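Here the structure comes first, spelled out in structure tokens, and everything after it is commentary.
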Amino acid sequence: MAAAAPVPYHWDHLDNVGDVYTPRTGHAVVNEDGVFYLFGGTDGAARQSDVHAYNVDTNLWCEIRAGGRVPPARSGAQAAVWSGAVWFFGGYTKKDGDYFNDVYKYDIGTSMWGSVHTLGEAPQKRTDHSVCLFRDSLLVFGGFDGHNRFNDLRELHLKDRRWSQISVRSTVPRSRFGHTAVIYANSMYIFGGWDGHDTLQELFEYNISSNMWIQMPLRGTAPRARYRHTAVVCGDA
């Protein structure tokens, strides 16, 4: 029996339809039930605090006139979806401006913003960190505060809104920002980033069950060193 040929990957260019946002960088994007929610970023003229939604099925953008307590405009915030809301942490206004360690949530059903009061010691202010959802917690790793790069791992328990620092039982990756992080099975994987001197090509696994970091050997044709890229999980890849 002949093996099936692998399905080739290809890109399709999608024309923007609807309430299209201004061109920008440093925004946050999450997906929930076939809708992408975009927040913030900078369009070259100013930081933004708007919310746009893109429906995959209809290929239509719409700007959401959200109510409530809207976060200050920023770029570099990171987000994840939990319990019908998008949860945002951190970001900054500009390199020599304000950096944030606040938490906001955007309720998808009501289109309302809220500032989240948290307990425990919050992480230092930062941008270009990573945020991953694991069960009922946000895992925050790395980032930059305008002077320092971080390699701490923090957890926000969403049910009681309490921060804790995870003391890892192994050597941690070097400090960095602009990396990517994804959850697969019971592990968080980070790739790339910038440590202030070098652009990185490292791939690390943080095994949540064993509370240990492992540097993964790079096999095959590995991506070149990079930062401020993107990564998602699709199936087993």
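Here, each number is a calculation from the coordinates, and none is a lab measurement. A quick note: this is a predicted structure, and the numbers were derived from the prediction, not measured. All Cβ positions, even for glycine, are placed from backbone atoms using ideal geometry, and neighbour counts span all protein chains on display.
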> In the stretch 158-237, what trypsin sites (Lys or Arg not before Pro) fall in a loop by DSSP, with at most 11 other Cβ atoms inside 10 Å?
Replying inline: LYS159, ARG169, ARG219, ARG224
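Tell me the chymotrypsin sites (Phe, Trp or Tyr not before Pro) within the stretch 149-197 that lie in a loop according to DSSP and have at most 12 other beta-carbon atoms within 10 Å.
Numbers: sites: PHE150, TRP163, PHE177, TYR184, TYR189, PHE191, TRP194; in loops: none.
For chymotrypsin sites (Phe, Trp or Tyr not before Pro) across the stretch 149-197 that sit outside H, G, I, E and B with at most 12 neighbouring Cβ atoms in 10 Å, the list is empty.
Express as a percent, rounded to the nearest 5, the fraction of DSSP beta bridges in the stretch 28-215 (both residues included) that run antiparallel. The partial results should precede the final answer.
On the way: 66 of 69 bridges.
So the antiparallel bridges in the stretch 28-215 amount to around 95 percent.
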> So which trypsin sites (Lys or Arg not before Pro) in the stretch 1-82 are both in a DSSP loop and have at most 14 other Cβ atoms within 10 Å of their Cβ?
Replying inline: ARG65, ARG69
> Of SER83, SER167, SER187, SER75, how do they rank once you tally other Cβ atoms within 10 Å and put the fewest first?
Replying inline: SER167, SER83, SER187, SER75
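Let me make sure I get this right: for the chain, a, b and c are the square roots of the gyration tensor eigenvalues over alpha carbons, sorted descending. Under 1.5 in a/c it's rounded, otherwise prolate if a/b > b/c, else oblate. Which is it?
On the way: a/c = 1.45, a/b = 1.08, b/c = 1.34.
Rounded, because the longest to shortest axis ratio a/c is under 1.5.
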>> Need the C-alpha centroid separation for the stretch 10-47 versus the stretch 158-237, integer Å.
In response: 24
> Using mean Cβ contacts within 10 Å as the protection proxy, how do 38-44, 25-31, 195-201 order, highest first?
Replying inline: 38-44, 25-31, 195-201
